[in-house]
1. Using all Cα-Cα distances in the chain, what percent lands in each 10 angstrom bin from 0 up to the longest?
2. Could you provide, to the nearest whole Å², the per residue accessible area of the chain with probe 1.4 Å?
3. Can you give the extra length, in nm with one decimal, that the chain gains between Asp55 and Glu27 once fully stretched, where that is 0.36 nm per residue apart less the Cα-Cα distance?
4. In region 5-73, what GluC sites (Glu not before Pro) fall in a loop by DSSP, with at most 10 other Cβ atoms inside 10 Å?
5. Out of the total accessible area of the chain (probe 1.4 Å, heavy atoms of protein only), what percent is carbon and sulfur?
Amino acid sequence: IGGPSQGLATEDLNITLLAWPKGGGVESHINTEVDVVWCFVEGSGEVTVNGRSYDVCAGQSLVIPKGAQRSVR
């Protein structure tokens with residue numbers, strides 16, 4: 001199991017800490033409401049945004065615009 005482990009939401013900000021076991025992640029989806037910043041705190045993985053894949057690891061960040069199709073593993 002994996003996914004949200006902590007979160008904070010206000011009228012102007014929504015921040016969520018997500019965690020997955022090795023091999024876990026989120027299937028491809030589209031968020032049409034807000035831009036998203038993913039900050040990678042630990043481990044490594046692969047993010048796909050609009051069909052383009054990026055290798056990511058701890059210490060990196062990625063901005064994903066609203067309306068983009070994305071997944072992470």
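The values are calculated or read from the model by the stated rules, or taken from the named source; none is laboratory data. For clarity, every value in this text was computed on a predicted model and none was experimentally measured. Glycine gets a Cβ as well: all are built from the backbone with ideal geometry, and neighbour counts include every protein chain shown. Please note that ligands, DNA and RNA were not included when accessible areas were found on the heavy atoms of the full protein model with its side chains. Shrake-Rupley method; radii C 1.70, N 1.55, O 1.52, S 1.80 Å.
1. Per 10 Å bin, starting at 0, the Cα pair percentages come out as 18, 55, 26, 1.
2. About 77 Å² of surface per residue is accessible.
3. 8.5 nm
4. Glu11, Glu33, Glu42
5. 51 percent
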